[in-house]
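Engineer: Please find one structure pasted underneath; my questions will follow.
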Amino acid sequence: MEQRSAGEIPPQLQEDHDLLLCVSGGKDSTAMALWLFFESGLKNRMFLCWCDTGHEHPMTIDHVNGLAKKLDQHLHVVRGEFKFITLCEKKARTDV
């Protein structure tokens, strides 16, 4: 893996195309979103995406929506046909 100094934008991100940033609501994806938005100069090319498994804690949902609002970004939400727990039950996984 190529070493870069802190805050250095990788060459792939310097190309002129949109960036789909998938956030989970956790600290790492939140930090990445904030850095890309406020420090990298790429905010005009950034789109936020979040995958709703249907098994999310209400605080996670609030956090992800709040992050999108703070960044003044539309949040693209991806939802599957079935909720996560339903898929586990269909596969006979009852230990989740």
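The values are calculated or read from the model by the stated rules, or taken from the named source; none is laboratory data. Values in this document were obtained by computation on a predicted structure and should not be read as measured data. A quick note on method: Cβ atoms are made from the backbone with ideal geometry, for glycine too, and the neighbour counts reach across all protein chains shown.
Engineer: Does Gly54 qualify as being in contact with a Lys or Arg (Cβ under 7 Å, 6 or more places away or on another chain), within 30 Å of Glu89 (Cβ to Cβ) and not in a helix (DSSP H, G or I)?
Structural biologist: Numbers: in contact with a Lys or Arg (Cβ under 7 Å, 6 or more places away or on another chain): yes; within 30 Å of Glu89 (Cβ to Cβ): yes; not in a helix (DSSP H, G or I): yes.
Spelling it out, Gly54 is indeed in contact with a Lys or Arg (Cβ under 7 Å, 6 or more places away or on another chain), within 30 Å of Glu89 (Cβ to Cβ) and not in a helix (DSSP H, G or I).
Engineer: Separate question: Just name the residue that is modelled with the lowest pLDDT out of those in the stretch 1-25 that are under 30 Å from Pro58 (Cα atoms) and part of a loop (DSSP other than H, G, I, E, B). Steps first, answer last, please.
Structural biologist: Of the residues in the stretch 1-25, the ones under 30 Å from Pro58 (Cα atoms) are 18-25.
Those still in the list that are part of a loop (DSSP other than H, G, I, E, B) too: 18, 23-25.
Details: Asp18: 86, Val23: 96, Ser24: 95, Gly25: 93.
Checked the stretch 1-25; the qualifying residue modelled with the lowest pLDDT is Asp18.
Engineer: Search the stretch 8-59 for residues being in contact with a Phe, Trp or Tyr (Cβ under 8 Å, 6 or more places away or on another chain) and on the phi > 0 side of the Ramachandran plot, and hand back the single one that is surrounded by the most Cβ atoms within 10 Å (Cβ to Cβ).
Structural biologist: Start the filter on the stretch 8-59 by keeping residues that are in contact with a Phe, Trp or Tyr (Cβ under 8 Å, 6 or more places away or on another chain), which leaves 18-25, 43, 46, 53-55.
Then keep just the ones that are on the phi > 0 side of the Ramachandran plot; that gives 25, 54.
Working: Gly25: 18, Gly54: 12.
Of everything passing the filter in the stretch 8-59, Gly25 is surrounded by the most Cβ atoms within 10 Å (Cβ to Cβ).
Engineer: Which condition breaks for Asp28 when tested against (1) under 11 Å from the mean Cα position of the chain (by Cα); (2) not polar (S, T, N, Q); (3) not in a helix (DSSP H, G or I)?
Structural biologist: (3)
Engineer: Go through the stretch 71-96 and count every residue that is of a type outside the set (A, V, I, L, M, F, W, C) and surrounded by fewer than 12 Cβ atoms within 10 Å (Cβ to Cβ). Can you show your working first?
Structural biologist: At the first step, the residues of the stretch 71-96 found to be of a type outside the set (A, V, I, L, M, F, W, C) are 72-74, 76, 79-81, 83, 86, 89-91, 93-95.
Of the ones still in play, those that are also surrounded by fewer than 12 Cβ atoms within 10 Å (Cβ to Cβ) are 72, 74, 79, 81, 90-91, 93-95.
Adding up the residues that qualify gives 9.
Engineer: Taking the condition assigned to a helix (DSSP H, G or I) and at pLDDT 80 or above, does Gly41 pass? Write out each step before concluding.
Structural biologist: Numbers: assigned to a helix (DSSP H, G or I): no; at pLDDT 80 or above: yes.
When the stated conditions are applied, Gly41 does not pass them.
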